[in-house]
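The values are calculated or read from the model by the stated rules, or taken from the named source; none is laboratory data. Just so you know, these numbers come straight off a predicted model, no measurement behind them. Don't worry about glycine lacking a Cβ; one is built from the backbone with ideal geometry, like all the others, and counts go over all protein chains shown. The protein model used for the area step is the full one, side chains on, heavy atoms only, and it has no ligands, DNA or RNA in it. Shrake-Rupley method; radii C 1.70, N 1.55, O 1.52, S 1.80 Å.
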Amino acid sequence: MAKSIKLTDSEQVTKHINALDPTASKIVQTLRKIILNTDKEIGERIKWNNPSFYYTGEMKPFDPKEYKREIIVFNLFKNRIMLVFPSGARVNDKSGLLEGDFKDGRRITIFKDINDVKSKEKNLQSVIKTWLKMVDK
């Protein structure tokens, strides 16, 4: 029996993105670059069956159910491009990028197309940088 080669987290994310509808794939790939280029301490992996981005640095111990390491998780249901920020409510976002008022503290952003991504790029990076400053190191 041949041993299957384990893909790295980044390879798994690439494989997932490449399997999407071509239009969605282009938007997700662009968002991926924006997120990863925001800070060198952002890592990527597949979590909850979608690309997710997390803080890779040292942190104080915490309850895993608090998802303090998770920055952004894609929700690509029916090729809708939605970013979920599991603890986005902690970020005081005045730009209007983060939407929703979920009791669990998550916030979301939906992207319509590649132009929408480009128009929100600076706000997205600003929200991520603010989130990173609040990490309990």
If you take the residues in the range 82-96 that are closer than 14 Å to PHE111 by Cβ and touching a Lys or Arg at 6+ places or on another chain (Cβ under 6 Å), which one is surrounded by the fewest Cβ atoms within 10 Å (Cβ to Cβ)? VAL84
Can you pull out every residue in the range 88-110 that is touching a strand residue (DSSP E or B) at 6+ places or on another chain (Cβ under 9 Å) and under 18 Å from THR38 (Cα atoms)? GLY88, VAL91, ASP93, LEU97, LEU98, THR109
Criterion first (basic (Lys, Arg) and under 16 Å from the mean Cα position of the chain (by Cα)) does LYS68 satisfy it? yes
Reported set for the range 33-59 where residues are in contact (Cβ under 8 Å) with a residue 60 or more places away in the chain, among the β-branched types (Val, Ile, Thr) and touching an Asp or Glu at 6+ places or on another chain (Cβ under 6 Å) is ILE34
Contacts under 9 angstrom Cβ, first residue in the range 8-32 being touching a residue at least 40 places away in the same chain (Cβ under 8 Å), partner open to solvent by 20 Å² or more (accessible area, probe 1.4 Å) and of a type in the set (Val, Ile, Thr), 6 or more apart: THR23/ILE114; LYS26/ILE114; ILE27/ILE114; THR30/ILE114
